[in-house]
Amino acid sequence: MSLSLKMEIDPVEDVTCLNPELLQLPEVSPFALKTTPLFVDDLFSQWLSLPETGNLVKSLINDAKAGTAVNACANFSNVNAVGSNSLPSMFSSVNAPPLSPRSSSGSPRSSKQKSSPSALGSPLKLFSDPMQEVIPQFYFQNGRPPTKELKEQSLSKINHLFNNPLNGLLIDEFKTVTKEVCKLPSFLSSALFRKIDVDCMGIVTRDAFITYWVDGNMLTMDVATQIFEILKRPGHKHLTQVDFRPILRELLATHPGLKFLQNTPEFQDRYAETVIYRIFYHMNRSGNGRLTLRELKLGELISAMQQADEEDDINKVLRYFSYEHFYVIYCKFWELDTDHDFFIDRENLIRYGNHALTYRIVDRIFSQAPRKFAGDVEGKMGYEDFVYFMLSEEDKSSEPSLEYWFKCIDLDGNGVLTPNEMQFFYEEQLHRMECLALEPVLFEDILCQIIDMIAPEREDCITLQDLKGSKLSGNVFNILFNLNKFMAFETRDPFLIRQEREDPTLTEWDRFAHREYIRLSMEEDVEDASNGSADVWDESLEAPF
């Protein structure tokens, strides 16, 4: 019906003969409506003929002419209110055609829809009242709070340990709290005490401990995170070497296996430094001196700390804390440092391992290609740099060692080892074989042997990833610049091979340190015995007289 008709015919007069009751229809299925479109059109035409419909259309046309806002929903609700006796009877079936949006006021059909879902199964009804799924909180900025049961258990222990007239504990009394409540190694006690006693009052009260440990959600953190939070300084997101000094001092003061060092503070400092250097060598893989929480979790330091706290023999803690390992490293450094200025130069390092290394690899080390020296003395290596070198030299199977030597051989720093670069270092090895009257092995044959050992993805170069994927990678570096170990590999003892297979938990460094410690201790015993025998001999000579 177009607007040009302007509704000139009065709809009320034209449809006076129409009885709306005659439009009542039985229920018809939706399928029937779709298959009989003519019936639907006829039904819609009859609806347009109703007086209420005509009044609605005429009202909308007048509003449009007058320029007023058209509210079809409101007008149609009025129509429903007037014709409520006819429309429901006409469209009482569930197969009513879609109507324009209407207000629910005064419409019996609307009230019926509120009480039951739409018979047509419209998906709009499903989205009108969505179900809200409650997702539990999974991120806590300050750590996950403890459960009620865990909190009550901890508070019970805390109340028992802090039950004294001072309502607090001194630093010497705090170790029990560290062990029983915090479940941490005892040599972390002083660090934890000072972390809570920020005002340096010399005492940690019960309330201060609860605020830090329970209310600060330290209770629910994993052990690595707890230790990280205790050791790191305020405002820092990493650990440095300085942060480990307090726990090493307490370990030296309290561990039964280190009591013999109490009268030699110089060696106590050297032991502590060596342990810290070993920790950062293995765990600080970025090499920037900043140990992150992720690196701390990936390493073995936490389990080593727990073992050191439970084991009376410190030499059984092979990871980081063994005194025998420190003794071997320090004695090696002291042998090379002939002037004892605590620095060694190129000529000193050439003597390492009975002149095992080539000049070319020593020059690469002092060019600081694998690692920038910690000291400021030009052309000299400090003790920390020597620890990194020695750990890399004596255990070439570890990843830090592979990275160390890979940087030395990679002359152009492009991330791959080419045959030319390997030949550059092997040329000196070949010359040394000739000088020692050994049968020389041509580089072409050596290169084939290296390719067979590593099995790289590309035969024209070797990547660091290729080396890390092979168990024989350490032998490649020995072939290139350590003649002694190269010859030992070619003539290796089957007994030693069988011994290594029997105890695969020991690393190459563990085996080397054990053998070297026995050798050094035997030399010291011989020296002491010779001195002692001379004294006895002198006394025996004087005895008859």
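General remarks:
- Solvent-accessible ranking of Phe44, Phe489, largest area first, probe 1.4 Å: Phe44, Phe489
- Residue ranking by accessible heavy-atom surface, 1.4 Å probe, largest first, among Lys471, Lys232 comes out as Lys471, Lys232.
- Stretchable slack from Arg351 to Gln46, in nm (0.36 nm times residue separation minus alpha-carbon distance): 98.5 nm
- Residue among Ile462, Ile451, Leu349 farthest towards the positive dipole end of the stretch 339-464, charges placed on Cβ: Leu349
- Remark: the Asp460-Ala488 segment gains 7.3 nm on full extension, using 0.36 nm per residue and subtracting the alpha carbon distance.
- Where labels lie 7 Å past Cα in the beta-carbon direction, separation of Asn420 and Glu378 in nm: 3.1
- Rolling a 1.4 Å probe over the protein heavy atoms of the stretch 142-221, with every protein chain left in place, gives an accessible area that is 52 percent carbon and sulfur.
- The stretch 343-522 - percent of accessible surface contributed by carbon and sulfur, probe 1.4 Å: 52
- The phi torsions of the stretch 263-273, fed into the Karplus equation with coefficients 6.51, -1.76 and 1.60 and a -60° offset, translate into couplings of 8, 10, x, 4, 6, 4, 5, 5, 4, 4, 4 Hz, rounded to whole numbers, with Gly and Pro shown as x.
- The residue list Asn284, Pro265, Ile247 was ranked by how far each Cα lies along the charge dipole of the stretch 228-311 toward its positive end, using unit charges on Cβ atoms, and Asn284 comes out on top.
- For Lys58, the aspartates and glutamates whose Cα comes closer than 12 Å to its Cα, not counting residues fewer than 8 places off in the same chain, are Glu8, Asp10.
- Residue-level accessible surface for Arg233, protein heavy atoms, 1.4 Å, Å²: 90
- The lysines whose alpha-carbon is closer than 29 Å to the alpha-carbon of Lys259, local same-chain residues fewer than 8 away aside, are Lys175, Lys179, Lys183, Lys195, Lys232, Lys316, Lys332.
- Gained length - Asp222 relative to His236, 0.36 nm times residue gap less alpha-carbon distance: 3.1 nm
- Largest accessible area first, the listed residues Asp339, Asp510, Asp199 line up as Asp199, Asp339, Asp510 when surface is computed with a 1.4 Å probe on the assembled protein chains.
- In this simple spin-label model, placing a label point 7 Å from the Cα along the Cα-to-Cβ direction at both Arg432 and Glu149 gives a separation of 6.4 nm.
- 3J(HN,Hα) couplings calculated from phi for the stretch 209-224 with the Karplus curve 6.51 cos²θ - 1.76 cosθ + 1.60 (θ = phi - 60°) are, in sequence order, 5, 5, 4, 7, 8, 8, 5, x, 6, 5, 4, 9, 6, 6, 4, 4 Hz; Gly and Pro show x.
- Computed magnitude of the charge dipole of the stretch 142-221 (debye, nearest 20; Cβ of K, R +1, Cβ of D, E -1): 260
The values are calculated or read from the model by the stated rules, or taken from the named source; none is laboratory data. All values derive from a computational prediction rather than experimental measurement. Every residue, glycine as well, gets a Cβ built from its backbone with ideal geometry; the counts of neighbours run over all protein chains shown. Please note that ligands, DNA and RNA were not included when accessible areas were found on the heavy atoms of the full protein model with its side chains. Shrake-Rupley method; radii C 1.70, N 1.55, O 1.52, S 1.80 Å.
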